[in-house]
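Participant: Here it is: the structure, laid out below.
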Amino acid sequence: MRRPFLGYALVCAAVALWSVNATVSKVVLQSGGLSTFRLAEVRATGSAVLLFAAVAAARPAGLRVTARELGFLAVFGVAGLAFVQFFYFVGIKHLDIGIALVIQYLAPVLVALWVRFFVHEPVRRRLWPALALSLLGLTLVVRLWSGVSLSGIGVASCLGAACAYAVYILMAEHGVRRGRDAYSLLAWGFFFAALFWTVAQPWWSFPTSLASADASLLGRLEGLHAPVWLLLAYVVVLGTVVPFVLMITALHHIPATRATVVAMLEPVLAAVVAFAWLGERLGALQILGGLLVLAGIVLGQTARNES
């Protein structure tokens with residue numbers, strides 16, 4: 001039985017957890033001493049362990065894979081989940097969180113462009129004003145007229161995160177359509193993301209001394225400290241696994257298009273959290289640009305014809 005109110009509530013809860021996670025992750029990167037590579041590795045590995053254990057306990061048959069699926073799941077885990085997390089962490093390290101997330105959330109517009117020009121699916125005409133709004137808003141956000149006053153690494157990383165997020169959306173959609181349930185898809189995806197990071201930087205070289213140290217919470221909470229392992233636990237459990245499960249569960253009650261449109265609240269809420277916690281502020285033109293980008297994202301997300 002569909003319960004729309006519950007579906008919207010679950011999406012809002014997921015967005016709230018992701019929004020706080022952005023600031024927690026930035027604290028870990030700037031005060032905890034871990035590199036973006038290591039934080040991405042911790043997030044992927046911790047999420048893989050928890051999701052695999054949950055799926056194995058609830059529906060073990062879902063973990064069965066065929067030889068033909070392994071290649072798809074490996075690409076999904078690396079090109080989708082591993083890269084989107086890495087670029088996301090680099091982005092928020094070099095940019096204000098609200099700006100970083102606005103750029104990353106261009107992904108739905110990229111998805112609509114992909115299905116129009118490469119898959120040749122029919123899309124509604126609103127795609128073109130969506131693209132125009134997004135580009136105009138992005139110009140204001142990065143202050144293009146002044147030669148991009150923001151960190152070039154940060155902007156490039158967020159654009160990379162948007163592309164990786166688009167890959168994630170398209171491949172997840174394809175995987176579910178082929179009959180794999182979303183929970184096992186995420187479990188296998190994070191498994192291959194964790195495997196990728198383990199090969200790239202073996203766990204036996206992990207700086208365990210940093211995880212056991214205390215980190216300043218920075219910003220308005222600079223005088224307070226918390227152990228790095230506790231902040232990492234938030235990133236894995238409440239910043240990744242729980243919101244992903246909430247979002248997937250919400251799709252049983254509301255369509256994916258509506259869920260993703262509601263999820264566009266994340267850049268706004270994350271910016272509010274970053275202002276309240278870290279004191280990050282956005283200029284008036286950047287706020288206007290962010291709103292234009294969000295308007296373009298909503299139009300782009302609804303440009304695809306749902307099957």
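The values are calculated or read from the model by the stated rules, or taken from the named source; none is laboratory data. Because the structure is a prediction, the values reported are computed rather than measured. Using ideal geometry, Cβ is built from the backbone for each residue, glycine included, and neighbour counts are taken over all protein chains shown. Only protein heavy atoms, including side chains, enter the accessible area calculation; ligands, DNA and RNA are left aside. Shrake-Rupley method; radii C 1.70, N 1.55, O 1.52, S 1.80 Å.
Participant: When you look at VAL167, is it under 29 Å from VAL11 (Cβ atoms), touching a Gly at 6+ places or on another chain (Cβ under 8 Å) and among the hydrophobic types (A, V, I, L, M, F, W, C), yes or no?
Facilitator: Taking the combined requirement at face value, the residue satisfies it.
Participant: Another question, if that's okay. Residues being open to solvent by less than 10 Å² (accessible area, probe 1.4 Å) and either among the aliphatic types (A, V, I, L, M) or at positive phi (or both): count how many of those fall in the stretch 56-88.
Facilitator: Final tally of qualifying residues: 3.
Participant: Any chance the stretch 27-41 includes a residue that's closer than 30 Å to PRO255 by Cβ and surrounded by 14 or more Cβ atoms within 10 Å (Cβ to Cβ)?
Facilitator: no
Participant: Could you grab me the full set of residues in the stretch 42-55 that are surrounded by 14 or more Cβ atoms within 10 Å (Cβ to Cβ) and of a type outside the set (Val, Ile, Thr)?
Facilitator: ARG43, ALA44, GLY46, SER47, ALA48, LEU50, LEU51, PHE52, ALA54 - these are the residues of the stretch 42-55 that are surrounded by 14 or more Cβ atoms within 10 Å (Cβ to Cβ) and of a type outside the set (Val, Ile, Thr).
Participant: Quick check, is LEU106 of a type in the set (A, V, I, L, M), surrounded by 24 or more Cβ atoms within 10 Å (Cβ to Cβ) and touching a Leu at 6+ places or on another chain (Cβ under 9 Å)?
Facilitator: Yes: the conditions hold for LEU106.
Participant: Something else about it: Of the residues LEU34, LEU29, LEU39, LEU50, which single one is hydrophobic (A, V, I, L, M, F, W, C), out of contact with any Ser or Thr (no Cβ under 6 Å at 6 or more places or on another chain) and closer than 19 Å to TYR165 by Cβ?
Facilitator: LEU39
Participant: Can you spot a residue in the stretch 283-291 that is crowded, with 23+ Cβ neighbours inside 10 Å and assigned to a helix (DSSP H, G or I)?
Facilitator: Within the stretch 283-291, one or more residues are crowded, with 23+ Cβ neighbours inside 10 Å and assigned to a helix (DSSP H, G or I).
Participant: ARG3: more than 21 Å from THR260 (Cβ to Cβ), of a type in the set (Lys, Arg) and open to solvent by 10 Å² or more (accessible area, probe 1.4 Å), yes or no?
Facilitator: For ARG3, the condition - more than 21 Å from THR260 (Cβ to Cβ), of a type in the set (Lys, Arg) and open to solvent by 10 Å² or more (accessible area, probe 1.4 Å) - is not met.
Participant: Could you tell me how many of the residues in the stretch 171-181 are outside any helix (DSSP H, G or I), charged (D, E, K, R) and open to solvent by 60 Å² or more (accessible area, probe 1.4 Å)?
Facilitator: The number of residues fulfilling the criteria is 1.
Participant: I'd like to verify a number: residues in the stretch 253-280 that are surrounded by fewer than 19 Cβ atoms within 10 Å (Cβ to Cβ), outside any helix (DSSP H, G or I) and modelled with pLDDT of 80 or more, how many?
Facilitator: Counting residues in the stretch 253-280 that are surrounded by fewer than 19 Cβ atoms within 10 Å (Cβ to Cβ), outside any helix (DSSP H, G or I) and modelled with pLDDT of 80 or more gives 1.
Participant: Let me spell it out: the conditions are (1) over 15 Å from LEU195 (Cα atoms); (2) open to solvent by 10 Å² or more (accessible area, probe 1.4 Å); (3) modelled with pLDDT of 90 or more, and GLY91 meets all of them except one. Which number is the exception?
Facilitator: (2)
Participant: Of the residues that sit in the stretch 52-80 and are in contact with a Phe, Trp or Tyr (Cβ under 6 Å, 6 or more places away or on another chain) and within 13 Å of PHE192 (Cα to Cα), which one is modelled with the lowest pLDDT?
Facilitator: Selected residue: GLY80.
Participant: OK, next. Name the helices (runs of 4 or more DSSP H) wholly inside the stretch 182-252 in which the number of residues that are in contact (Cβ under 8 Å) with a residue 60 or more places away in the chain, open to solvent by 50 Å² or more (accessible area, probe 1.4 Å) and of a type outside the set (Val, Ile, Thr) is 2 or more.
Facilitator: The helices (runs of 4 or more DSSP H) meeting that bar are 182-200.
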